[in-house]
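J.: I'd like to ask some things about the structure below.
The values are calculated or read from the model by the stated rules, or taken from the named source; none is laboratory data. Model, not experiment: these values are computed from the prediction. Note that each Cβ is placed from the backbone with ideal geometry, even for glycine, and that neighbours are counted across all protein chains shown. SASA here: full protein model, heavy atoms, side chains in, ligands and nucleic acids out. Shrake-Rupley method; radii C 1.70, N 1.55, O 1.52, S 1.80 Å.
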Amino acid sequence: MMEKKAILVFLVLTLSLINGQEPEKIDTQKAPWRIHTLFSVECQNYFDWQTVGLMHSYRKAQQPGPITRLLSCTEDERKGYRGMELAPTFEVPSMSRHPKTSDWYPAINKPAGVVHWLKYSKEAENVDWVVILDADMIIRGPIVPWEIGAEKGRPVSAYYGYLIGCDNILAKLHTKHPELCDKVGGLLAMHIDDLRALAPLWLSKTEEVREDRAHWPTNYTGDIYGTGWISEMYGYSFGAAEVGLRHKINDNLMIYPGYTPREGVEPILMHYGLPFNVGNWSFSKLDHHEDDIVYDCSRLFPEPPYPREITQMESDHHKRRALFLNIECINTMNEGLLLQHAAFKCPKPKWSKYLSFLKSKTFAELSRPKRLTAQSRQMMEVEIHKEVDNEPEKPHPKVEVKIHKEVDNEPEKPHPKIHTIFSTECSSYFDWQTVGLVHSFYKSGQPGNITRLLSCTDEDLKQYKGHDLAPTHYVPSMSRHPLTGDWYPAINKPAAVLHWMNHVKTDAEYIVILDADMIMRGPITPWEFNAGRSRPASTPYDYLIGCDNILAKLHTRHPEACDKVGGVIIMHVDDLRKFALQWLHKTMEVRLDRSHWSKNITGDIYESGWISEMYGYSFGAAELNLRHVISDEILIYPGYVPKPGVNYRVFHYGLEYRVGNWSFDKANWRHADVVNKCWAKFPDPPDPSSLDQTDNNSLQRDFLSIECATTLNEALRLHHERRKCPDPNTISTPKRERVNQDRVDETRTNAETRTRAETRTDAETRTDAETRTNAETRTNAEARMAVETTTSTKFGNVDDIQALRHDEMPKNSSQESSQVETSNGTFTSMRFWIMVLWAVSIFGFLGVMSVMLRGRKGLKKRVKGYKSKRRTTYSGFWDTNGQDRHLRNAETA
């Protein structure tokens, strides 16, 4: 009987598992896949509190399999060490001081510890898969190698894009297979057989790179400190290349607090290697290097803001999500410290609001184990360009890594923070560009924050409506130069950057400078495009021929250092602090040098000095000897044929571009207020499926052009939704027609029912109301006439405009503005309204005249009967005024 019951229970449990009814526990530890998690530390307080945080998150996240701390201690450190009970531990000899070279490099303990564990640990004999983490990590959900895509011979890791040594002479020197060098680190998940092959080379290659001091500088390694500190990371990549391991690279699984995860991605690992903050609260692990907080009863890290406070301080969904990750990280560590203090039998801490929160259901819900999403499993797509040395780039074969997704949360200790800025003015023209750029910024996964530098006069600022379109820094306008009176709005760009640098305290190490008329397609990072100190990265502007002639000799002491660049700038913040003032001064210099504005000197086809700001940039950079890394794979103009295989990061729609009969030119929308008019948008581009498939170059060009226009319209649609614009399907022209007709009827009724007994106040009130109604009608007619006679205003029927523009090709009907589209196609031509206006005016005039004639007949009868009274009253005054009033109304109508 008992056996039957046991079988029945087994069957029920099996069925419940098959049907997915198990709420939390997932059986990821099925034989023969045995998982073991490793992390490396030293005998220091610094690593002890990190150990407490990692171990607590390991249990909380339900990470399958055992975990082992590889503890590296010198004999002296081991004698006084207090933390042997903090985690399951395997002691390994310390190599912080190298036994042969005496080099002090504690990071080498990581590969040395793994080698020792593989050789001497009994546990290593009973493992199939190994997950290797750093101590300064918080696990949020189970890291199961085969679930995240690991295979034998294909480990999974996070992307470390700053390891530029994989692309240059460093890889050539330290591995026979530089083409197999992967820029990876942080999270490692691999088969035990792969680890056994890799570990000895990981250690030996680390020693090699550490001893190669000649190649420690930033331009070889990407290490901004140039101290060889990341030798262990290169040791791993070069060792893996030696044994032929190609990684599956995933930048969604791990995130650094302070970074924003992509939409739909749930990171299962946090790496707090960089400082992060929430409002005025901040945390940096380096501030706690000697902190014995583990052994100091009841002391925790400073409490961060509560979730409710974050909800109040940040309305943006993406930024709020990032802030929640920040507090989850520190709260998990504090929760671990509380439990560790209890294990040490510390006195029970006094009640506090924060302790109550850590024990609450709210925090338990926020920090419950996270499960992988489909987006989290997606891999990156990387294109690696190999360079032989530091000579100017020559064509090299590409090595393509067959993985799927773009680069986003690039971090690690050497990974600096980034801040993106762009300059605009107080006008509708820049407002719609702002909406497009900011939307694409968040969509692209660009690390860090973005700031709009808004240059406005005091008068413009009073009337400006677009304050909430982007995070904004306000700058005095220099469009009209305060000294020379020169009208040159482009000078606002360097002036705004200088103002921002002088007034804003930023923790970013690199600044990315864009133009407003750009759409981002992917992250623009210094580590990916090899920017460094004194080495900004930019895109080629070959038409700046002044770098090669007398112009450069006149305006810089180092004309040979003049680079023809612009558009996208990636510059170290220290360089920008020195450079911003030079940029502004050189812009003013070139602007004043009118004798050299000609096309043959500047390349400016308009010869108007409009590109003075661009020369100001190049000449200012030359003055400081800033030599650029120039990449033609960052930016593309819609309408240009793309290079095969290049993943451009930015559209710059500064020029008109076409797809068939459809076209877009930003200059034609200079005065169009598509941001404040509900549901206004740009003409929809053709459907990609309608394109000619015969010429692949043209097809790819048109795909990109359509993508740019579609992104702009998508940004506008989301903007209108945020403004809570009414449903466009409820807006109809017939309703407006009825309103207008009611106004006309009311006017006619008022005219017919006026009497001589009306007061002057009533007459003036009616006159004002009628004047406003008529003025609105005239304004609409005048606006239509303006559309028909100019090309800068965009609302109206494009076919009417084309009759006046013989020099342009006809455009198709898709180029009508969205204001016309929202009328549901009824009465699209303003000619109809003009005819209605004429008809109403004629009938109104006849009605007024009939009232006047009836009034005159009554007047004659009264004159005959009351001649004597007429001489002594003011009735004649009222009649004359009434007649004049009716005439005025008739003329106005």
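J.: Starting from residues that are of a type in the set (A, V, I, L, M, F, W, C) and out of contact with any Gly (no Cβ under 9 Å at 6 or more places or on another chain), keep the ones in region 145-169 and report whichever is farthest from Thr218 (Cα to Cα).
T.: First, the residues of region 145-169 that are of a type in the set (A, V, I, L, M, F, W, C): 146, 148, 150, 156, 158, 163-164, 166, 169.
Imposing the further condition that a residue be out of contact with any Gly (no Cβ under 9 Å at 6 or more places or on another chain) reduces the set to 146, 148, 150, 166, 169.
Working: Trp146: 36, Ile148: 33, Ala150: 32, Cys166: 13, Ile169: 13 Å.
For region 145-169, the residue satisfying everything is Trp146.
J.: For region 268-295, name all the residues that are in contact with a His (Cβ under 9 Å, 6 or more places away or on another chain) and modelled with pLDDT under 95.
T.: Correct list: Gly273, Leu274.
J.: Okay, next question. What is the residue count in region 575-614 for residues that are of a type in the set (S, T, N, Q), open to solvent by 50 Å² or more (accessible area, probe 1.4 Å) and within 30 Å of Ala508 (Cα to Cα)?
T.: As a first pass, look at region 575-614 and keep what is of a type in the set (S, T, N, Q): 582, 587, 595, 598, 600, 602, 608, 612.
Then keep just the ones that are open to solvent by 50 Å² or more (accessible area, probe 1.4 Å); that gives 582, 595, 600.
Subsequent filtering for residues that are within 30 Å of Ala508 (Cα to Cα) retains 582.
Adding up the residues that qualify gives 1.
J.: Among the residues that make up region 723-737, is at least one of them at pLDDT 90 or above, out of contact with any Gly (no Cβ under 7 Å at 6 or more places or on another chain) and hydrophobic (A, V, I, L, M, F, W, C)?
T.: Yes, because at least one residue in region 723-737 is at pLDDT 90 or above, out of contact with any Gly (no Cβ under 7 Å at 6 or more places or on another chain) and hydrophobic (A, V, I, L, M, F, W, C).
J.: Are any of the residues in region 278-290 touching a Ser or Thr at 6+ places or on another chain (Cβ under 9 Å) and either open to solvent by less than 60 Å² (accessible area, probe 1.4 Å) or under 18 Å from Asp134 (Cα atoms) (or both)? Explain how you work it out, then say what you get.
T.: Taking region 278-290 and keeping what is touching a Ser or Thr at 6+ places or on another chain (Cβ under 9 Å), we get none.
No.
J.: Further question: So in region 474-522, with the set limited to residues that are part of a loop (DSSP other than H, G, I, E, B) and of a type in the set (A, V, I, L, M, F, W, C), which one is farthest from Pro638 (Cα to Cα)? Step through it out loud before you land on a result.
T.: Initial filter on region 474-522 (part of a loop (DSSP other than H, G, I, E, B)): 477-479, 481-486, 488, 504-509, 516-517, 521-522.
Those still in the list that are of a type in the set (A, V, I, L, M, F, W, C) too: 478, 483, 504, 508, 516.
On the way: Met478: 30, Leu483: 38, Val504: 34, Ala508: 31, Ala516: 15 Å.
Ranking the qualifying residues of region 474-522, first place goes to Leu483.
Residues checked against (1) touching a strand residue (DSSP E or B) at 6+ places or on another chain (Cβ under 6 Å); (2) open to solvent by 30 Å² or more (accessible area, probe 1.4 Å); (3) in a strand (DSSP E or B); (4) of a type in the set (A, V, I, L, M, F, W, C):
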residue	(1), (2), (3), (4)
Arg78	no, yes, no, no
Pro111	no, no, no, no
Ile132	yes, no, yes, yes
Ile138	yes, no, yes, yes
Ile143	yes, no, no, yes
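J.: Restricting the search to region 675-709, which residues are assigned to a loop (DSSP other than H, G, I, E, B), acidic (Asp, Glu) and over 22 Å from Glu721 (Cα atoms)? Walk me through how you get there before you give the answer.
T.: To start, the set of residues in region 675-709 that are assigned to a loop (DSSP other than H, G, I, E, B) comprises 675-687, 691-695.
Still in the running and acidic (Asp, Glu): 684, 687, 692, 695.
Answer for region 675-709, where residues must be assigned to a loop (DSSP other than H, G, I, E, B), acidic (Asp, Glu) and over 22 Å from Glu721 (Cα atoms): Asp687, Asp692, Asp695.
J.: Something else about it: Condition test on Ser298, is it surrounded by fewer than 18 Cβ atoms within 10 Å (Cβ to Cβ), assigned to a loop (DSSP other than H, G, I, E, B) and either modelled with pLDDT under 95 or among the polar types (S, T, N, Q) (or both)?
T.: Working: surrounded by fewer than 18 Cβ atoms within 10 Å (Cβ to Cβ): yes; assigned to a loop (DSSP other than H, G, I, E, B): yes; either modelled with pLDDT under 95 or among the polar types (S, T, N, Q) (or both): yes.
Yes; evaluated as a whole, the condition is true for this residue.
J.: Let me ask something additional. Could you check, for region 350-364, whether at least one of its residues is modelled with pLDDT under 95, within 18 Å of Ile268 (Cα to Cα), part of a helix (DSSP H, G or I) and not β-branched (Val, Ile, Thr)?
T.: Within region 350-364, one or more residues are modelled with pLDDT under 95, within 18 Å of Ile268 (Cα to Cα), part of a helix (DSSP H, G or I) and not β-branched (Val, Ile, Thr).
J.: Only one of these is within 30 Å of Cys547 (Cα to Cα), part of a loop (DSSP other than H, G, I, E, B) and not hydrophobic (A, V, I, L, M, F, W, C): Glu613, Glu607. Name it. Let's see the steps before the verdict.
T.: Numbers: Glu613 fails: part of a loop (DSSP other than H, G, I, E, B).
The match here is Glu607.
J.: For region 160-174, name all the residues that are within 14 Å of Ala240 (Cβ to Cβ) and open to solvent by less than 10 Å² (accessible area, probe 1.4 Å). Outline the logic, then answer.
T.: First pass over region 160-174, keeping only residues within 14 Å of Ala240 (Cβ to Cβ): 160, 163, 165-166, 171, 174.
Across region 160-174, the qualifying residues are Tyr160, Leu163, Gly165, Cys166, Ala171.
J.: Which of the residues that make up region 45-62 are closer than 30 Å to Leu372 by Cβ and open to solvent by 10 Å² or more (accessible area, probe 1.4 Å)? If you could, list the steps in order and put the result at the bottom.
T.: Filtering region 45-62 for residues closer than 30 Å to Leu372 by Cβ gives 47, 49-62.
Listed by number, the residues that qualify are Phe47, His56, Tyr58, Arg59, Lys60, Gln62.
J.: Just for region 175-230: of the residues that are in a helix (DSSP H, G or I) and polar (S, T, N, Q), which one is surrounded by the fewest Cβ atoms within 10 Å (Cβ to Cβ)?
T.: Quick first cut of region 175-230, residues in a helix (DSSP H, G or I) only: 178-180, 192-211, 213-215, 218-221.
Checking the rest, the ones that are also polar (S, T, N, Q) come to 204, 206, 218-219, 221.
Numbers: Ser204: 15, Thr206: 25, Thr218: 18, Asn219: 17, Thr221: 27.
Taking the candidates together, the pick is Ser204.
J.: Test each condition in (1) modelled with pLDDT under 95; (2) touching an Asp or Glu at 6+ places or on another chain (Cβ under 8 Å); (3) buried (at least 22 other Cβ atoms within 10 Å of the Cβ); (4) farther than 18 Å from Ile230 by Cα for Gly153 and report the one that comes out false.
T.: Every listed condition holds for Gly153 apart from (3).
J.: Turning to a different aspect of this structure: Output the number of residues of region 115-130 satisfying the condition of being open to solvent by less than 70 Å² (accessible area, probe 1.4 Å) and over 13 Å from Leu71 (Cβ atoms). Explain how you work it out, then say what you get.
T.: Narrowing region 115-130 to residues open to solvent by less than 70 Å² (accessible area, probe 1.4 Å): 115-118, 121, 124, 127-130.
Right, trim to over 13 Å from Leu71 (Cβ atoms) and you get 115, 118, 124, 127-130.
Qualifying residue count, region 115-130: 7.
J.: Moving on. Kindly evaluate Glu208 against the criterion of being touching a residue at least 24 places away in the same chain (Cβ under 8 Å), in contact with a helix residue (DSSP H, G or I) (Cβ under 7 Å, 6 or more places away or on another chain), farther than 30 Å from Ser367 by Cα and of a type in the set (D, E, K, R). First the steps, then the outcome.
T.: On the way: touching a residue at least 24 places away in the same chain (Cβ under 8 Å): yes; in contact with a helix residue (DSSP H, G or I) (Cβ under 7 Å, 6 or more places away or on another chain): yes; farther than 30 Å from Ser367 by Cα: yes; of a type in the set (D, E, K, R): yes.
When the stated conditions are applied, Glu208 passes them.
J.: While we're looking at this one, here's another question. Looking at (1) open to solvent by 40 Å² or more (accessible area, probe 1.4 Å); (2) without any contact (Cβ under 8 Å) to a residue 12 or more places away in the chain; (3) acidic (Asp, Glu), which is the one condition that is false for Asp632?
T.: (2)
J.: Being open to solvent by less than 50 Å² (accessible area, probe 1.4 Å) and either over 18 Å from Met478 (Cβ atoms) or touching a helix residue (DSSP H, G or I) at 6+ places or on another chain (Cβ under 8 Å) (or both) narrows it down to one of Pro644, Pro638, so name that one. So that I can check it myself, show each step before the final result.
T.: Working: Pro644 fails: open to solvent by less than 50 Å² (accessible area, probe 1.4 Å).
On inspection, the qualifying residue turns out to be Pro638.
J.: Would you mention how many residues in region 99-109 are open to solvent by 20 Å² or more (accessible area, probe 1.4 Å) and of a type outside the set (S, T, N, Q)? Explain how you work it out, then say what you get.
T.: First, the residues of region 99-109 that are open to solvent by 20 Å² or more (accessible area, probe 1.4 Å): 99-104, 107.
With of a type outside the set (S, T, N, Q) added as a condition, the list becomes 99-100, 103-104, 107.
Number satisfying all stated conditions: 5.
J.: Hey, another quick one. Please determine whether any residue of region 691-706 is closer than 16 Å to Thr434 by Cβ and either touching a Lys or Arg at 6+ places or on another chain (Cβ under 8 Å) or aliphatic (A, V, I, L, M) (or both). Steps first, please.
T.: Taking region 691-706 and keeping what is closer than 16 Å to Thr434 by Cβ, we get none.
No.
J.: Additional query: Here's a check for you: in region 80-94, which residue that is assigned to a strand (DSSP E or B) and open to solvent by 30 Å² or more (accessible area, probe 1.4 Å) is nearest to Thr51 (Cα to Cα)?
T.: Kept after step one, since they are assigned to a strand (DSSP E or B), are these residues of region 80-94: 89-93.
Retained after the next criterion (residues that are open to solvent by 30 Å² or more (accessible area, probe 1.4 Å)): 89-91, 93.
Working: Thr89: 11, Phe90: 14, Glu91: 15, Pro93: 19 Å.
In this case the residue turns out to be Thr89.
J.: Please go through (1) open to solvent by less than 40 Å² (accessible area, probe 1.4 Å); (2) over 27 Å from Asn713 (Cβ atoms); (3) touching a strand residue (DSSP E or B) at 6+ places or on another chain (Cβ under 9 Å) for Thr457 and return the number of the only condition it doesn't satisfy.
T.: Answer for Thr457: the failing condition is (1).
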